[in-house]
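A.B. asks: Have a look at this one before I ask anything.
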Amino acid sequence: MTPSTPQKPTVAIVGGGIAGLSAGIFGRINGFDTTIYETNGKLGGVCSGWERSGYNVNGSVHWLVGSAPGNDLYELWKQLGVIEGNTFYNHDAFVEFRDLESGPLRLDTDADRLEKTLLDRAPEDRELILKFTEGIRIMARSDFPLDRSFELLNPWDWTKILFREFPAIRTMAHWGSMSLGDFAQLFKNRDLRTVFQHFWTPEMNVAFLMMQFGYASAGSAGYPLGGSAALIERLEHRYRTLEGKVALQSRVSKIAIHNGRAQGIQLSDGTEIEADFVVTACDGHSVLYSMLDPEWIDPEVFTAYEILKPFPSLNFFSAGFRSTFQGYRPSIAGLNVALTETLELGRYAHPRTAFNIFTFDPTLAPSGRTLVTAMLDADYDYWDELYRREPRLYQAERERVARVLIDSLDRTFPDTAPSLDFADLATPLTYRNWTGNHKGSYEGWLPTPEAMKLQIPTHFTRLKGLYMAGHWVAPGGGMPPAAYTGRDAIQLICRDLGRIFDFVEQI
Ligand SMILES: Cc1cc2nc3c(=O)[nH]c(=O)nc-3n(C[C@H](O)[C@H](O)[C@H](O)COP(=O)(O)OP(=O)(O)OC[C@H]3O[C@@H](n4cnc5c(N)ncnc54)[C@H](O)[C@@H]3O)c2cc1C
């Protein structure tokens, strides 16, 4: 503890997404005086929901890893107030593909059923299929400790992890070095090539997909009813109950530094705010390239930012239909179908997409109606250039994409198009403007094979008192890393103050 550090140190948290809220909650549990500075008029960041024509649009969560007991992430969500009283919907399938050569293919979350389905469709790919499902089973059994910042693990902890988790570590090392796109090409069967090529972003590594299947097969990747808005409400409620402070519409422009120590923040209107510690829980690029001077940052951090690839941005389609989609069987990633025409949008061409048809969450739509969404990887530069050239062209392109998606859905479920209540298409500019994330990325760094070899520092050797959290410090991104990196930041502050970190409030 430095001589000047008070008993109840102040922590300024930059950004009120999941990472910022987690830092705030654990900061309050540990007796810090915390304030979240959020540029928007509400909390949530990427994980947002909004009202549209009587629908509650779920702008993010499809599956929450750690939704069931038996792993550290469940304990984390419990401490954050997300579990108690919440209802999770557990899908029996990860995704369903239609418009394949040999008929539809539904990929179960259960590894045995999944294996059987894949073998029935492609006996010629037996060896590869068995390796894939073996990887899923290994990941389902693994139990990496996620209750502490990796920095706080000692050599004895690491030795135990290496012994206990050897199969998972070997699986990650092997399959982590192959992209999903390359994996898809190994299949002789054309349908399986299509499935793995279009499952998710093809640049991500195979181990990451095995891990997601692993959590789903263990029943710990449920969907929280109420979607993103309800999830954030729970976190906000927990934080406010702990008397955490929030400053909305407060854009942070600089980190104030004195004698090699972060001493507070400056807002874009010039207001200066003192703090004993600063936790950034916002876009990593903005922190490194705009809020801080380069002299404070270790060179390997810039190297990581040059090597890693961000998750692309999105075209996020949302629509409401006066239909209950009778007979539809939901799954985590939805129904993947061929589009009525390939959407060529800058460097992306989409011959197919997956529709999330929320028949399983009645809170998202008025009675007898259904919210439908779709996520298409999107080229930031393409949409940015279109908007700069002519906003009318940008608008027309949004409408064209939405039309193709509505028509494609109508082909799959005849006569849905006339029952449309509303349709909307968010673009990379929406994500940039709303969240400030670099090039509108929706999940930080892609878990590419290169990302497996890198660790991103969350604080710097020449600068004390500043800690980074959020999906930009944990490749693969998503809600769990956002939540645990927010907590890790407070754990590191406690370590630096020589205090014991508490997971729950001491009454
Ligand atoms: C359509 C979609 C589906 C998804 N599905 C899932 C899923 O099923 N499961 C899953 O785990 N993850 C999912 N994700 C990803 C997940 O939502 C994000 O990775 C996670 O919410 C990121 O949280 P964060 O706090 O790290 O960052 P952010 O949400 O980006 O929060 C950063 C906050 O900082 C604020 N901010 C930025 N700059 C400043 C500044 N200068 N001053 C003050 N405030 C600032 C922003 O406004 C924002 O509120 C999905 C995302 C999308 C878009």
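A.B. asks: Which residues, counting only those in segment 486-507, are of a type in the set (D, E, K, R), closer than 19 Å to K78 by Cβ and part of a loop (DSSP other than H, G, I, E, B)?
C.D. replies: Of everything in segment 486-507, those that are of a type in the set (D, E, K, R), closer than 19 Å to K78 by Cβ and part of a loop (DSSP other than H, G, I, E, B) turn out to be D502, E505.
A.B. asks: Can you confirm whether segment 227-238 contains a residue that is more than 30 Å from E84 (Cα to Cα) and either modelled with pLDDT of 95 or more or more than 25 Å from the chain's Cα centre (by Cα) (or both)?
C.D. replies: no
A.B. asks: Could I ask something else about it? How many residues does segment 242-267 hold that are open to solvent by 80 Å² or more (accessible area, probe 1.4 Å), free of Cβ contacts under 8 Å to residues at least 24 places away in the same chain and under 29 Å from the mean Cα position of the chain (by Cα)?
C.D. replies: Qualifying residue count for the region: 0.
A.B. asks: Hey, another quick one. State all residues of segment 268-284 that are farther than 30 Å from T363 by Cα, buried (at least 17 other Cβ atoms within 10 Å of the Cβ) and either within 10 Å of the ligand (Cβ to nearest atom) or among the polar types (S, T, N, Q) (or both); if no residue qualifies, say none.
C.D. replies: Within segment 268-284, T280, D283, G284 qualify.
A.B. asks: Continuing with this model, one more query. Considering segment 61-75 alone, what residues qualify as being closer than 14 Å to L146 by Cα, polar (S, T, N, Q) and buried (at least 23 other Cβ atoms within 10 Å of the Cβ)?
C.D. replies: Once the filter is applied, which keeps residues that are closer than 14 Å to L146 by Cα, polar (S, T, N, Q) and buried (at least 23 other Cβ atoms within 10 Å of the Cβ), segment 61-75 yields nothing.
A.B. asks: Okay, moving on. Go through segment 51-82 and give me each residue that's over 24 Å from I493 (Cα atoms), hydrophobic (A, V, I, L, M, F, W, C) and either assigned by TED's automatic domain parsing to the domain that holds C282 or in contact with an Asp or Glu (Cβ under 9 Å, 6 or more places away or on another chain) (or both).
C.D. replies: Scanning segment 51-82 gives a single hit, V57.
A.B. asks: Does S408 satisfy the criteria of being polar (S, T, N, Q) and surrounded by 15 or more Cβ atoms within 10 Å (Cβ to Cβ)?
C.D. replies: Yes, satisfied.
A.B. asks: Among the residues of segment 47-60, write down those that are open to solvent by 30 Å² or more (accessible area, probe 1.4 Å) and assigned to a loop (DSSP other than H, G, I, E, B).
C.D. replies: Just the residues of segment 47-60 that are open to solvent by 30 Å² or more (accessible area, probe 1.4 Å), to begin with: 50-54, 56.
Hits for segment 47-60 are S53, G54.
A.B. asks: Sticking with this structure for a sec: Can you tell me which residues in segment 35-65 are over 20 Å from G222 (Cα atoms), more than 8 Å from the ligand (Cβ to nearest atom) and among the hydrophobic types (A, V, I, L, M, F, W, C)?
C.D. replies: Within segment 35-65, I36, W50 qualify.
One line per residue, one yes/no per condition, for (1) buried (at least 18 other Cβ atoms within 10 Å of the Cβ); (2) charged (D, E, K, R); (3) outside any loop (DSSP other than H, G, I, E, B):
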position	(1), (2), (3)
W158	no, no, yes
S177	no, no, no
G214	yes, no, yes
G219	no, no, no
A230	yes, no, yes
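A.B. asks: Among the listed residues G44, G27, identify the single one that is open to solvent by less than 10 Å² (accessible area, probe 1.4 Å), within 16 Å of G470 (Cβ to Cβ) and assigned to a loop (DSSP other than H, G, I, E, B). If you could, list the steps in order and put the result at the bottom.
C.D. replies: Working: G27 fails: assigned to a loop (DSSP other than H, G, I, E, B).
None of the other options fit; the residue is G44.
A.B. asks: Could you go through segment 461-475 and let me know if any residue there is touching a residue at least 40 places away in the same chain (Cβ under 8 Å), more than 16 Å from the ligand (Cβ to nearest atom), farther than 30 Å from Q263 by Cβ and not hydroxyl-bearing (S, T, Y).
C.D. replies: Checked segment 461-475: no residue is touching a residue at least 40 places away in the same chain (Cβ under 8 Å), more than 16 Å from the ligand (Cβ to nearest atom), farther than 30 Å from Q263 by Cβ and not hydroxyl-bearing (S, T, Y).
A.B. asks: Condition first: assigned to a strand (DSSP E or B) and either more than 12 Å from the ligand (Cβ to nearest atom) or over 25 Å from F503 (Cα atoms) (or both). Can you find one or more residues in segment 82-90 that meet it?
C.D. replies: yes
A.B. asks: Taking the condition assigned to a helix (DSSP H, G or I) and either near the ligand (Cβ under 8 Å from one of its atoms) or modelled with pLDDT of 95 or more (or both), does G20 pass?
C.D. replies: yes
A.B. asks: Next up: Does Y431 meet the test of being part of a loop (DSSP other than H, G, I, E, B), closer than 23 Å to V252 by Cα and either without any contact (Cβ under 8 Å) to a residue 12 or more places away in the chain or within 16 Å of the ligand (Cβ to nearest atom) (or both)? Walk me through it before giving the result.
C.D. replies: On the way: part of a loop (DSSP other than H, G, I, E, B): no; closer than 23 Å to V252 by Cα: yes; either without any contact (Cβ under 8 Å) to a residue 12 or more places away in the chain or within 16 Å of the ligand (Cβ to nearest atom) (or both): yes.
Answer is no for this residue.
A.B. asks: Additional query: Can you spot a residue in segment 31-41 that is in contact (Cβ under 8 Å) with a residue 12 or more places away in the chain and either small (G, A, S) or assigned to a helix (DSSP H, G or I) (or both)? Break it down stepwise before answering.
C.D. replies: We begin by selecting, within segment 31-41, every residue in contact (Cβ under 8 Å) with a residue 12 or more places away in the chain; these are 31-41.
Okay, now just the ones that are also either small (G, A, S) or assigned to a helix (DSSP H, G or I) (or both), so 31, 41.
Yes: one or more hits.
The values are calculated or read from the model by the stated rules, or taken from the named source; none is laboratory data. Everything numeric here is computed off the predicted structure, so don't read it as measured data. In this analysis, Cβ positions are derived from the backbone assuming ideal geometry, glycine residues included, and neighbour counts consider all displayed protein chains. Side chains included, ligands, DNA and RNA excluded: accessible areas come from the protein's heavy atoms. Shrake-Rupley method; radii C 1.70, N 1.55, O 1.52, S 1.80 Å.
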